[in-house]
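Here's the structure, in structure tokens; my notes come after.
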Amino acid sequence: MDLVALLRELAIVAAAGVVAAVFMAWIRLPAVAGFLFAGALVGPHALGLVDDPKTISTLAEVGVVLLLFTIGLEFSLTRFARIWNMVVVGGGLQVGLTTLAVLGVCLALGYNASQGVFVGFVLAQSSTSIVLQNLSRRREVDAPHGRFIVGAQIFQDLCVVPMMLVIPLLAGLGGEGSFALDLGIALGKAALMVAAVVLLSRLIVPPIFRRVDAARSRESFLMAVLVTCIGTAYLTSLAGLSLALGAFLAGLVIAGSPFGQRAMTDVLPLRDLFASLFFLSLGMYFDIRAFVDHPIAVALVFVGILGGKGLIAALAAMAMRFPARVATIGGIGMAQFSEMGFVLATLPQASGIVSADVLRVIFAAGILTMFVTPLTMAFAPSFTAGAALLRPLERLLGARGIAQQTERDESVADHVIIAGYGLAGRMLANALKSCGLPYLILELNAETVKMARELREPAYYADITNDETLQHAHITKARALVIMINDPDAVRRAISNAKRLSPDLPVYVRAHYLSEQLQLNGAGAHDIVVEELEAGIELMARVLRDSGVARNVITDRVKEARLETQPSARKETLPRRKLKNVAELDELKIESCLIREGHFAVGKSTAGINLRKETGATLAALRRNGALVEQPDIRAPFVPGDVLYLVGSKESVNAAMTFLEKGELREETAVMKRVPEREDPPRSDMVHVLPDKPE
């Protein structure tokens, strides 16, 4: 293909992608779904505006390389340690059970084991881009189902590397040689590459990047990042491993150096550009003829991915002791085809494992699941049928820890039910404990519950949206329910169920956005604290304070903001400004002066020496015997060891320190005193100094 034709096809693909992405934003769906649709529309199986997608696919492969590179950059041992059980147990069960289930189906249909394992690898992956975008947009990354999905997808990302090593062996499984031996050789190569990565990240890469960074050239730094990425990928290909694996290892190389965060920032725009081309090219593989030639097969694969894969993911979440509702939402969130599944299916080493017709069916059904995922995830919180089906298993696995209460908590009454034990939940629990008020804590993070129980807190693993949970928490005897969880749909369901069981119970809710307030009020919330509003008002007040706006004016602005949004019973409070931060008084200085034996001021008082009249400085406070005296007596004599705090201009303070020490004024101060001053009437805010009575 010549350059003109390439530019024409790139322009067509890019224009289609922009239009589709804008349309998806308008209907509040992820841009990825638009890229898939645009690629399918302009591809060779629809309008045919792009006759040969191979060139676009080549650019998309660069996107895959950069995608794996950024996954390596983002891989954090700290992040892994925080949710390791979600990653290892939840992700391991999801990937393992999905692969085994697909293998069983393939064997029943007459395919061999290597084909079944290969298809299992391809379908076990879920779309990180689509799912995480939805979770982030809905602010559910830290919700229970969000933690499960993120943990499982980290495991999937880690599984891509060994899967890439196994797939070439699956292609030659029926040939000569031992599969175990070949697998051992492949893993040995990978181990050597990892060892090389550690060596590079510790010894070689940091000094090179320090030299590049010293040049103060963003272009040079970005080029060094790309050289590391592409060069490592090329070296791994020479060792018989995949380019994507090399890109992942390159990301680990830079992530292990001090320049990981900057590399991520610089490479993200390139990654997003090429990843967009990747999804556009993936859409081009959507072949409408697959529906015509194999309609039943496409429908069965589509239902199998949505239903079967979703059920397996939900069972994995149940095994992690998540309640049925959370497991259902997590399962639906992971029930789609993945960009990494496409990468595995199109590896050059994978050619020949399954026929092109099988891949056409998988791609057609898989791309459809990716397109409908935003819709299914939006519908998931309302899908109560799945939770009802899993409820017996929930009881079997003992996920409802609230049913096994201590003797003390079984008889609790007039208590506060705290749903969610994050920072805000801990603050509330500590306050209630200090006031002698009883409370129960309900939380869906098993590790958090374990930590709280070790601190002898009345914490239980339970789903606040479940009627049985509320009954076990003695909701009819409670004085209040406080909900502080990161799942808006669960909040609304919890309020509705709580008000149905105990209509007069006040329900306090923490919400993220002001737009949620109307729905929560309609559900029956007694009081709502909106993070968006409270943070905005606090920032507004602090900016006005540090800008020198008067305190009463700030109070008026806060009242206006609350009248326009949401009133609050809490009195307006604002930290007082420190004198050093008051720009209007920047000319005033505060200095301390220690009175020693032999100083002029020893035995004399402020009024006796006319300190302010003689120097212009004011005695604001003094420290005597370690105690601060905020309003010193102007008639009390100074003693050695007193520390005086003087306020005034730089010249006045310096003059006062000399005067206190020697009893004489500096020349410039004496000159200033000789300049006649205009007699002003005394002001009410001035400090009046009375002279000592004559002896």
Residue check for A40: modelled with pLDDT of 80 or more, in the same structural domain as F291 (by TED's automatic domain parsing) and closer than 15 Å to L280 by Cα: yes
Inter-residue pairs, beta-carbon under 6 Å, first under 13 Å from L49 (Cβ atoms) and not assigned by TED's automatic domain parsing to the domain that holds Q336 and in segment 6-34, second among the β-branched types (V, I, T) and not in a helix (DSSP H, G or I), 6+ apart: none
Output for segment 464-493, where each listed residue is part of a helix (DSSP H, G or I), touching a strand residue (DSSP E or B) at 6+ places or on another chain (Cβ under 9 Å) and at pLDDT 90 or above: I475
Matching option when the condition is at pLDDT below 90 and outside any helix (DSSP H, G or I), among S57, S126: S126
Those residues of segment 553-611 which are modelled with pLDDT under 80, more than 30 Å from Y513 (Cα to Cα) and either out of contact with any helix residue (DSSP H, G or I) (no Cβ under 7 Å at 6 or more places or on another chain) or among the acidic types (D, E) (or both), in sequence order: K578, K580, V582, A583, E584, D586, E587, L588
Any pair with Cβ under 7 angstrom, 6 or more apart, that starts in segment 45-60 at a residue that is farther than 17 Å from R289 by Cβ and ends at one that is modelled with pLDDT under 65: D52/M1; T55/M1
Identity of the residue in segment 612-644, on the phi > 0 side of the Ramachandran plot and surrounded by fewer than 13 Cβ atoms within 10 Å (Cβ to Cβ), that ends up modelled with the highest pLDDT: N625
Matching residues, segment 253-272, being touching a residue at least 24 places away in the same chain (Cβ under 8 Å) and assigned to a helix (DSSP H, G or I): V253, I254, A255, G260, R262, A263, M264, D266, V267, L268, L270, R271
Boolean, S237 is surrounded by fewer than 24 Cβ atoms within 10 Å (Cβ to Cβ), of a type outside the set (K, R) and assigned to a loop (DSSP other than H, G, I, E, B): no
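The values are calculated or read from the model by the stated rules, or taken from the named source; none is laboratory data. Quick caveat, the model's predicted, so the values are computed rather than measured. Ideal geometry is used to build each Cβ from the backbone, glycine not excepted, and the neighbour counts take in all protein chains shown.
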